[in-house]
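The values are calculated or read from the model by the stated rules, or taken from the named source; none is laboratory data. Values in this document were obtained by computation on a predicted structure and should not be read as measured data. We place every Cβ from the backbone using ideal geometry, glycine too, and count neighbours over all the protein chains shown. With ligands, DNA and RNA removed, areas are computed over all heavy atoms of the protein, side chains included. Shrake-Rupley method; radii C 1.70, N 1.55, O 1.52, S 1.80 Å.
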Amino acid sequence: MATNVDPTVSKSPQPQFDDRLDTRTRISNREVLAIIWRSLKYIGLARRMYALKVFLALLTIVPVLYGQWLSKILVDQVLLQQPFDTTDIRMPPHVQPFVDFVYNFGPFEILIALTAFAVIMLLLFGSGIGLGQGFAQGEDSATQSENAMNEGDSDGSSALGFLDSVIQIRLSQRLTNYVRTTLFRRMGNLPMTTLDNHRIGDAIYRVMYDAPMLPSICYQLTLVPLIVLVNAVISLYFMAYSYGSVSPELVWAAALMIPIGLCVTLPFSNLSRRVQQDSRAAGTVTTNAIEQNMGSISAVQSLGGMEYEKERIDSQSKESFRRYRHIKIVSIIVQFSTFIAQVAVAFWIAVSITDNIIVGLLTPGDWAVLFGIWMSLAGGAMQIGTFWIALQGDAAAVRRVFAFIDMPTEERENSTVVGNPQVVNVESASFSYPDGRSAFKNVSLSLSRGELIAIVGPTGAGKTTLAYAIAGYVTPTEGQVTYDGINIAEANTDSLRDAVSYVFQEHMLLSESIRSNLLLVNPGATEQQIQKALQTSGAVDVIKSLPLGLDTVVGRSGDTLSVGQKQRLCIARGLIRDTPILILDEPTAALDPATEQVLTGALKEASENKLVLVIAHRLSTIRQADRIVFLEDGEVQEIGSHDELMNQHGSYSRFVQLQAGTSLVE
């Protein structure tokens, strides 16, 4: 059901960029944590696949655990041909079996064994470069979102990396698809008063480019820290195991890398989040402008507005690019700051290791181990330090998704089911828009199946809004509308929609075949039902005039058809749905007199087992109604048949006389 006042509209004094609903875009670190925690819950949708991804990711650590120590053996025992007991450095437990195996080998035999071991590791885990690490990709937010949706990188290669990447691609796509469809459904069920303030381009951007960033949050907050920390803990343990008694300061320096990385990057989190939000908001402005321009291209061209529109889109596109440059500037500053910190520590580490080699405490092979472990820890520290910054951009995108998922919608899943209503009552109902404008007030009506009701009145009298309230598209700000005594504001939304068919004054056709447009409302409709609806609406001649008949694909919004043709097809679509209540807004406005006469007769026939409400201006349509509800200034002035109201010489009679010869034609 529709809500009457959208708090996201009323609370914000000035919209950001093109936003009309989601205007509170600045969030704190605490709110970011809440967004992240909420995002993590989505992992439960694919917990088994995610567990397999974690397992495969942990396996990629294996080559790192052996690489530096085998390099030490290569340097000391193969190149320098030193015995294994030159120093007091102990080999880690996982490397000791290999040392025992080659302990009595000569340098060449050790080289052969190292090569064989390396080949085995290469076949199982790959080169350690990782799949997808060097692929070129765009840097803008939209492209990055597309990459995130199909993300499939792995820290391994070969068979392990291939399987790891495939699992991640499937996981990314599954989570993204769920979020996208959830967001689309929520947007589709927003109240009309809310949708009136929403831009189509903004909706497209949120569904297409913001939603795919949620899986990225899941990966960055779980896999990256997990792999880095597990690798760091294991490396530090073995480093302390082998070198703790010889050079403990190196162990402590390595252990401090992760805290240093966090301290350097955390101060940039608010700035990063802000520029990411602004970049995405600026991107939606360009999307909105293009959608709006192409949606009204006929008006733009006919009024000579193409140059103005081109300059407007040019300006907005440049602003979007400028906003993204801010993101890159912040990213460069963060990376540079982290790099400076690492260089400072790396210099001290290099000097300390060299001094210990000179005095004989360490061998040249130990340089490969210690500096290799330190480089691995430094890379992990950079990941830990920058992953929080990267999360700010993802959080900015996901916040935009959750903002719409959390908006009040018309969905009432656990409410009373409407069923097959016989009587519709409007009880002292009034409706005012969020800006305070009154559409109708203190309306009371009792409408029953078997009636053809015409809602009549001057422009701005509140006719369409009253019809929206009867259909449940808007909820009265005062009073209520009931179906067989059930307040539809509390009814199950799906059952309410199943009870009402509404043919809007604007002719809405999808850019698909006419058959697809008709079956949209009733996929199970038979050919006989389709032909009957076409006959009733006077659309048979329309179908015969088209080269492919029902299979003719219409243009954007049906613009390859005339207004009258579109109107007849929309009426046919409403008839095919076959619901207890049928509401038509100006159904005969674009019909010729002969077609109008056929349609009004058909509506009269249809009202034998339906409640049919017609908003109309043509007297020839209105006079067929069983009752006429005459609205003026939002209030019901008179109710009765055409003859009864004309004999009263009241508001309706004066309205008819005033409009005679113009819009009301007998």
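Residue ranking by accessible heavy-atom surface, 1.4 Å probe, largest first, among THR60, THR115 comes out as THR115, THR60.
Each label point was placed 7 Å from the Cα along the Cα-to-Cβ direction; for ASN270 and SER641 their separation is 7.4 nm.
Once you've got the Cα coordinates, tell me which of LYS532/LYS604; LYS463/LYS610; LYS544/LYS566; LYS463/LYS532; LYS566/LYS604; LYS441/LYS604 are over 25 Å apart.
Numbers: LYS532/LYS604 15 Å; LYS463/LYS610 20 Å; LYS544/LYS566 14 Å; LYS463/LYS532 29 Å; LYS566/LYS604 22 Å; LYS441/LYS604 29 Å.
With Cα atoms farther than 25 Å apart: LYS463/LYS532; LYS441/LYS604.
Summing charges over neighbours of SER651, with a neighbour being any other residue whose Cβ is under 11 Å away from its Cβ, gives -3 when K and R count +1 and D and E count -1.
So, R0 is 56 Å and r is the distance between the beta-carbons of THR526 and THR222; what FRET efficiency does that work out to, to 0.05? Don't skip to the answer; put the middle values down first.
Working: r = 52 Å, r/R0 = 0.93.
E(calc), rounded to 0.05, equals 0.60.
Derived scalar couplings between HN and Hα for region 31-46 equal 5, 4, 4, 5, 5, 5, 4, 5, 5, 4, 5, 5, 4, x, 5, 9 Hz in order, rounded to whole Hz, by the Karplus curve 6.51 cos²θ - 1.76 cosθ + 1.60 (θ = phi - 60°), x for Gly and Pro.
Provide the net charge surrounding GLU638, with neighbours chosen by a C-beta distance below 11 Å and charges set as Lys +1, Arg +1, Asp -1, Glu -1.
Values: positive: ARG627, ARG654; negative: GLU632, GLU635, GLU644.
Neighbourhood net charge equals -1.
Highest mean packing first, where packing is the average number of other Cβ atoms within 10 Å per residue, the peptides 360-366, 579-585, 310-316 line up as 579-585, 360-366, 310-316. Loop-located trypsin sites (Lys or Arg not before Pro) across region 398-472 with a Cβ neighbour count of 14 or fewer within 10 Å are ARG437, with loop assigned by DSSP.
Restrict the search to region 44-91; then list the trypsin sites (Lys or Arg not before Pro) that DSSP places in a loop and that have at most 14 other Cβ atoms within 10 Å of their Cβ. Filter output for region 44-91: empty list. Pairs of Cα atoms nearer than 8 Å and 6+ residues apart set the relative contact order; for region 422-541 it is 23 percent.
Taking K and R as +1 and D and E as -1, what net charge do the other residues with C-beta under 12 Å from the C-beta of THR363 add up to? Charge balance near THR363 sits at -3. With a Förster radius of 35 Å applied to the beta-carbon distance between TYR237 and CYS263, the computed FRET efficiency rounds to 0.90. Potential lengthening of the chain between MET49 and GLN173 amounts to 43.5 nm, from the contour at 0.36 nm per residue minus the alpha-carbon distance.
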